[in-house]
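Report on the structure given below.
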Amino acid sequence: MRSPPHLSASILNADFARLGEEVERATAAGVDSIHLDVMDGHFVDNLTFGPVAVDAVRPHSALPFHSHLMISRPLAYAERFAQAGSDLIVFHVEADDEPRAVIAEIERAGKRPGIALNPETPAEAVVPWLDQVDLLLVMTVHPGWGGQSFMHEVVPKLQMLREVVDRRHLEVHIGVDGGVNLETIGVSHESGGDVLVVGSALYSTAGDLAPTVAALRAAAHGELPADH
Ligand code: DX5
Ligand code: ZN
């Protein structure tokens with residue numbers, strides 16, 4: 001039986017001048033976790049923030065922090081993101097370090113490991129690790145920026161990974177990250193995602209985010225607002 005959709009707020013498109021308040025805004029609106037996009041300007045062609053920023057916003061929410069490391073050397077930084085207050089640390093299977101070593105390092109730091117794969121990376125690359133991680137993050141955009149369009153061509157891979165996880169009765173959750181909004185959250189959930197990362201579709205709204213969160217939850221079950 002699939003777990004109800006878990007909404008994770010990506011703060012990449014939030015107002016960085018007020019990041020703590022933006023984390024509070026999503027928390028107050030009822031999301032299930034905070035998604036922190038870490039980019040090193042090497043694994044992806046963008047630079048965002050490091051452990052210092054995670055540590056700075058940690059006191060602003062009691063929700064789980066999912067740190068999404070789009071960095072080439074996760075092994076060297078996992079401990080620092082753990083100490084900064086991450087609860088789940090996601091690294092990319094395409095990164096330079098050997099996945100088994102990164103998973104062991106995250107567990108040694110007392111945190112939950114997650115593994116991510118880019119749109120062009122075949123499912124086979126992550127299958128060996130599915131019984132060793134808490135989250136499998138399926139990228140539905142090329143990592144590096146928020147506000148990109150959802151890549152529907154990734155859906156067959158998502159469906160296949162969901163089928164593998166269910167057939168093997170694995171505990172791992174499947175996340176969908178990139179371009180998830182009112183139009184695409186339904187297919188993301190239907191096709192196998194249970195952790196749905198939402199960035200620009202959330203933070204493009206000013207003020208109270210609760211109506212947007214409620215509409216996204218309903219749309220995950222195929223109920224689109226009347227004006228859609
Ligand atoms: C992209 C990031 C995503 C992104 C999501 O590299 O990993 O988490 O911020 O933002 P939207 O929902 O706007 O695509
Ligand atoms: Zn992300």
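Taken together, the residues in the stretch 191-210 that are away from ligand 1 (no atom under 14 Å from the Cβ) and either under 14 Å from the mean Cα position of the chain (by Cα) or under 19 Å from residue 141 (Cβ atoms) (or both) amount to 3. State the number of residues belonging to the stretch 98-124 that are out of contact with any helix residue (DSSP H, G or I) (no Cβ under 8 Å at 6 or more places or on another chain), outside any loop (DSSP other than H, G, I, E, B) and under 17 Å from residue 138 (Cα atoms). Here the count works out to 3.
Filter the stretch 175-190 down to residues that are of a type in the set (D, E, K, R) and not in a loop (DSSP other than H, G, I, E, B) and give me whichever is farthest from ligand 1 (Cβ to nearest atom). Among those that are of a type in the set (D, E, K, R) and not in a loop (DSSP other than H, G, I, E, B), it is 190.
Picking from residues in the stretch 156-180 that are within 21 Å of residue 222 (Cβ to Cβ), touching a Leu at 6+ places or on another chain (Cβ under 8 Å) and of a type outside the set (A, V, I, L, M, F, W, C), the one that is surrounded by the fewest Cβ atoms within 10 Å (Cβ to Cβ) is 173.
Looking only at the stretch 195-215, which residues are in contact (Cβ under 8 Å) with a residue 40 or more places away in the chain and within 16 Å of ligand 2 (Cβ to nearest atom)? Talk me through it step by step, then tell me what you get.
Quick first cut of the stretch 195-215, residues in contact (Cβ under 8 Å) with a residue 40 or more places away in the chain only: 195-200, 202-204, 208-210, 212-214.
Within the stretch 195-215, 195, 196, 197, 198, 199, 200, 202, 203 meet the criteria.
Looking at 56, 109, 116, 78, just one residue is away from ligand 1 (no atom under 14 Å from the Cβ) and either crowded, with 17+ Cβ neighbours inside 10 Å or of a type in the set (Phe, Trp, Tyr) (or both), and that residue is 78.
No lab work stands behind these numbers, since they all come straight from the coordinates. If you're wondering where the values come from, they're calculated on a predicted model, not measured in any experiment. Counting neighbours? That spans all protein chains shown, and the Cβs are built from the backbone with ideal geometry, glycine included.
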